[in-house]
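Okay, so here's the structure we're looking at.
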Amino acid sequence: MPAPELSNAVIADALAELGDLYELDGAIVHRVLAYRNAAKAVREAPVSVAALARQGRASELPGIGATLQEKILALVATGTIPAAEKLRAKFPPGLIAITRLPGIGPKRALLLHSELGVGSLEELREAALAQRLRTVRGLGAKTEESVLAALAELHTPAGGGEGADGGLAAAGGGGGARTGRILLPRALEIGGELLAGLRERAGEDARVQLAGSIRRQADSSKDVDLVATTKKPTALAKSLAKLEQIERVSSAGKAGARGRTHSGVGVDLRIAAPAQHGNLLQHFTGSARHNAALREAAVRRGLHVSEYGIRDASSSKAGAAAALACADEREVYERLGLVYIEPELREDRGELEAARLHGGAGLPRLIELDDVRGDLHSHTVASDGHNTIEEMALAARTPRGTGERGYEYLAITDHSASHGFGNAVSPEQLRRQIELVRDANARIEGIELLAGSEVNVLPDGSLDYEDELLAELDWVVASVHTSFGMSEQRMTERMIAAIEHPLVRAIGHPTGRLIERRQPYALDLDAVFAAAARTGTLLEINGNPDRRDLSDVNARAAARAGVTLVIDSDAHRTRTLANMRWGVATARRAWLTREQVANTRPLGELMRLGKGAG
C-alpha cells in the first residue's frame, strides 16, 4: 500500500519552520515573510497541495513561485527540505519554540542562547525562575514575569479545551498548525464549498444546509456542521469523500459521515429522512446548552425531543419510528409550546423563557443588515487604509437593491497621530483631511460624508489631538491602541475619561480583544456601561471579524444598562465595508433591535442622539 500523501498542515508547518530558521539565521525580512505567507496559503488551500506539487502546479497558490514549488516537491518526495536540514544544524532544536513566545522573537532568543546557553523552553523556564534573565542586557524583572506567564499559558488549553493544544509542545511544532477554532468568514467559505459539492452530487429530493455554530453566526467554529435529508442517505454520505476539499473521511453510513478538509477543518455531515428535516436542522443548529434546556422543557410537557422527532413520554414505543417528525423547525418549537427562535439566539441565555407562547416575555425583533443606514468608522490612505476618500464613498453609496451596501452616510475616521501603526496623521494633516472630506462630500452625490477621526486614548485618558481641532470634526471615535497591560482600575479610569470627553461620540472596539489571538484588556465593564449610558456616548460593535467587539454577551449587557450601540465595519479598504455583516450578526446574537443601534437612524436624527442632543 502506498504511503499517504503529506497533508497541507504538514507542508505548511515545514514552510513556516523554514521561515523561522531563516529569521534566526539573519535573512532579510522579505525572505522570511515569503515563507510565512506561503505557509498560510498552503494551510488554507482547499485541495491537496502535495498533489498540486506533483503536477507542477503548486505555484497556482498565492505567494508560491518556482523556488517554493521545488521545495514543496522535495518535501513531498523525501519528507524533508534540504535547506531546512542545513539550517537546523546551526541551532538547538528548542530555539524556534522560544522565538514564538510573546515578547521574545529571534534576536532575543539568540541573545539568551549566546549569553545564558538557553536552548529549550525548559531551560528558559529554569533561567527565569533563577532570575538569570535580568542579567542579560535589555532584559529585566518584567521580562522574567512575562516569560513565566507565557510558559504557564502553554499548559492551559485555549478556548475551554475545544480542539486546543496544550503543553510546551504548543510553542513549537512548526509554525502554527490549526489547533483552535476558525473565524466565521473562513468557516462559511469552507462550508459553502462543501455545500456546493454535496448539492451537486445529491438527488433532487435532497436538502443540504449548514448548521451548528456557523448557522448561529458565532465568532468562530471548531468544525463545519452540515445536515442533509434524502431518500438515499448512504450514497450522499459516501459522496463526501469525493469532494476535492476533503482530505479523508473516517466514517460514512446511513446516519452521515465525518471527515477532514485539506486545510485541517473537521466536517460532520448528519443525514435523516426528508420528513425529519425540521428535527434534524433544529437539533444540530442549537448549542449543547440550548438543546439540553429544550429537552428539559419537553420533559416537563411529557415529551421527548431529539434529532429524530418528538415522542410522547408515555408511549410504550421507542426510537425514531415512534417519534413525530417535523418538516420544519417552526413546527418543532410550536409543538413544544414555543414561538420560533432565531438561530443566533439558541445559546440558552433566556430564549426559551422569552419564547413561551403563553406567559413568555417575548423575543425581540432582531436587527437586520438592511436596517443599517450608514457606517461611522472607516479608514483611507491617509492612515493605514488602502483606498481614497472618493473610492470609499462610491463603494458605500451603491444603491440598495444591487446586493451592496447603499449607505446614506459614511464617516471617514483615519487613525490619529499616536496610534502606533500605519501613517501618523499629524494635526496639520488632519486639517487637510477635513478639507478633503468636505470637498468630496460636495462633489459626490447620494451619500453624506462626515469628517472624523479614530483618536487614540492615551494612558491617562486624554486624547492625542487638542480639543480645538477635535471640535472641527463631525465625528470622533475614541479607541485604545496602546498600553494594553494596565490594571483594571487604571484602564477603567482611562476608558471612562474618554467616554466623558464632550467631543467623543463613540468608543471603538471597547475591550480590545482579537478573537483567538488576544484577550480583552482588564476593564470594569459595569462601570464603563454606566458611564456611557449617563453621558450618551455610543459603544461600538466593531464588525472586523477578528474583533466583533463588543462581543455579543457584552453588547447585550451594555444595552440592558441603557447604552445605545453603534455597528461599524472598521473598513480599511472598499471590500471590507462588508464587515458590517459580522457586526450585525453580533448584534443579533446580543438580542438587539434596530432601535438600540444608532446608525439605523437617518443622519439628522443620529446627529441629535446622545451627545448630539445639545
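Any read-out appearing in this document is the output of simple, stated calculations on the displayed coordinates, not a laboratory observation. Everything numeric here is computed off the predicted structure, so don't read it as measured data. Counting neighbours? That spans all protein chains shown, and the Cβs are built from the backbone with ideal geometry, glycine included.
Details
- Ranked by how many other beta carbons lie within 10 Å on average, peptides 280-292, 362-374, 508-520 from highest: 280-292, 508-520, 362-374
- Principal axes of region 495-614: Cα extent on each, largest first, Å: 38, 33, 26
- Each residue of region 431-443 was assigned a 3J(HN,Hα) from its phi angle through the Karplus expression (A = 6.51, B = -1.76, C = 1.60, θ = phi - 60°), giving 4, 5, 4, 4, 4, 5, 5, 5, 5, 4, 5, 6, 8 Hz with x at Gly and Pro.
- 20 Å Cα-Cα threshold exceeded, pairs from Lys40/Lys71; Lys40/Lys238; Lys232/Lys254; Lys71/Lys222; Lys90/Lys142: Lys40/Lys238; Lys71/Lys222; Lys90/Lys142
- Among beta bridges identified by DSSP and lying wholly in region 371-613, the antiparallel ones come to about 10 percent.
- Computed on region 181-272, with alpha-carbon pairs under 8 angstrom and 6+ residues apart, the relative contact order is 26 percent.
- Potential lengthening between Ala152 and Ala241 on full extension [0.36 nm per residue; Cα-Cα distance subtracted]: 28.0 nm
- Peptides 563-569, 577-583, 383-389 ordered by packing proxy, namely the average of other Cβ atoms within 10 Å per residue, highest first: 563-569, 577-583, 383-389.
- The alpha-carbon of Lys231 sits under 15 angstrom from the alpha-carbons of these aspartates and glutamates, leaving out residues fewer than 8 places away in its chain: Glu204, Asp205.
- Sequence of Ser314, Ser263 once ranked by neighbouring C-beta atoms within 10 Å, starting from the fewest: Ser314, Ser263
- Within the chain, antiparallel bridges make up roughly 45 percent of the DSSP beta bridges whose residues both belong there.
- Shown here: percent of Cα pairs over 38 Å apart, derived from the displayed model; of the candidates (i) 33; (ii) 54; (iii) 44, it corresponds to (iii).
- Inter-label distance, Arg443 to Asp460: 4.1 nm, where each label sits 7 Å from its Cα along the C-beta direction.
- Helix-only [θ]222 nm of the chain, DSSP H runs n ≥ 4, -39500 (n - 2.57) each, per residue, nearest 500: -11000 deg cm²/dmol
- Once the chain from Asp25 to Arg137 is taken as fully extended at 0.36 nm per residue, the excess over their C-alpha distance is 38.2 nm.
- Partners of Lys86 within straight-line reach, counting aspartates and glutamates whose Cα lies under 12 Å from its Cα and excluding those fewer than 8 residues away in the same chain: Asp25.
- Antiparallel bridge percentage (DSSP; both residues within region 181-272; nearest 5): 70
- Rounded to the nearest 20 debye, the dipole magnitude of the chain is 1980 debye, with +1 charges on Lys and Arg beta carbons, -1 on Asp and Glu beta carbons, and the Cα centre as origin.
- For the chain, relative contact order (Cα pairs under 8 Å, six or more residues apart, normalised by length) works out to 9 percent.
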